[in-house]
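The values are calculated or read from the model by the stated rules, or taken from the named source; none is laboratory data. Keep in mind that what you see is a predicted model, and the values were worked out from it rather than measured. Because the Cβ atoms are built from the backbone with ideal geometry, glycine has one as well, and the counts that use them run over all protein chains shown. Quick note on the areas: whole protein, heavy atoms, side chains included, nothing else; ligands and nucleic acids left out. Shrake-Rupley method; radii C 1.70, N 1.55, O 1.52, S 1.80 Å.
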Amino acid sequence: MTLTGLYVPLITPFDLAGDIAVDALTALANDALDAGAAGVVALGTTGEPAALSDDERGTVLDVLSAVCRARRSHLLVGANSVEALRALADRPEVTAALCLVPPFLRPGGAGVLAHFAHLAQASPVPLVVYHVPYRTGQQLGPDDLRQLAGLPGVIGIKYATGGIDGDTVDFLADIRPGFAVLGGEDPLISPLLALGAHGAIAASAQVAAADFVQLVAHWQAGDLVRGRALGHRLAGLSAALFAEPNPTVIKSVLHARGRIPTAAVRLPLLPAGPDAARRALRSPRRARQLVQAPERPPRRVRVVSAPGRWPGRSRRTPRRRRDPAPTGRRTPR
């Protein structure tokens, strides 16, 4: 099984009392799947899992497991320890676990490889590596990533390196069959798809899921013109949504649209400022214009030949410039 398409990492919405807004979470998941997403991600960093209690994390998993079971859609779950992985054994709806490269310790490529081999051996579900080196502090070269791809039980990677360089091109030029590369840096998803990524895990898609689904479809179909144009527009949207710490701006936009009861986040996050939310609310309209506006065929000019004129020349002749009326004055030579 190769993971392809769009996966939407969902926020955790809170109600006015500060509890999880279960109905809103259910609606967000269904909206993403209705738009064509291949699946959703529960308890990713966008969902603020570190700020949730054990019971609240269980609630999120219950809600999203039920949706994905009913919709027969993929469910990825953030889980970074053996204990968290083993807790997924009783959840048959889970397709894979999204596991972060160990942060802060910087164990080196060999240490990361040993860590994921240990997790994969203990896990009841396949693993997707979450590689985000500017947050973890751990760089991994193309050879390190290929070794991770060769581990039994590791089926993909969320690739979020903060840029595209020679290592990115090298890695994507030689991907192991069956191993999925999912773009995880929202503004760079389009170029990653152009280089051969299989899909995306994009938080920005909560605001414009159908457009991100279309973006993946354009590149998979080889439609370079539409893929490039839509990719530029969605990169602008993503930049606006990540102008402040994620998911603060996304929550502000969803609340402004009436899709969640509040824009509340939990510490250490603070709510997004009003200017950031306003800029992000303007961006989706521009991003959707490409996919919503019908194509206009090129204008055709009907050319008719007139008797006595060269074939192909129009009946319409250039307007002759009139000489100015005489004024009685002689023009000096």
Open item on the list: Just to confirm a number: summing +1 for Lys and Arg and -1 for Asp and Glu over residues other than ASP23 whose beta-carbon lies under 13 angstrom from that of ASP23, what do you get?
Closed with: -2
Task: 3J(HN,Hα) from dihedral phi, segment 254-261, Karplus parametrisation 6.51/-1.76/1.60, rounded to Hz, x for glycine, proline - done: 4, 5, 4, 8, x, 8, 9, x
Task: Long-range amide H partners of ALA21 with built H, under 5 Å - done: PHE14, ASP15
TODO: For VAL154, enumerate residues with amide H under 5 Å from its amide H, sequence gap 5+ or separate chain, H modeled in the peptide plane.
DONE: LEU127
Task: Per-residue SASA entry for ARG259, accessible area with 1.4 Å probe, Å² rounded to 10 - done: 70
- [ ] Starting with the highest mean, order 228-234, 104-110 by the number of other Cβ atoms within 10 Å, averaged over the residues of each peptide.
- [x] 228-234, 104-110
- [ ] For VAL77, list long-range residues whose amide hydrogen, built 1.01 Å from N in the peptide plane, is under 5 Å from its own amide hydrogen.
- [x] ALA42, ALA96, ALA97, LEU98
TODO: Excluding ALA202 itself, calculate the net charge of residues whose Cβ lies under 13 Å from the Cβ of ALA202, where each Lys or Arg counts +1 and each Asp or Glu counts -1.
DONE: -2
TODO: Please work out the FRET efficiency for the pair ALA239 and THR2, using the Cβ-Cβ distance as r and a Förster radius of 25 Å; give the result to the nearest 0.05.
DONE: 0.25
Open item on the list: Quick check: from the Cα gyration tensor, does segment 72-180 come out rounded (a/c under 1.5), prolate or oblate?
Closed with: prolate
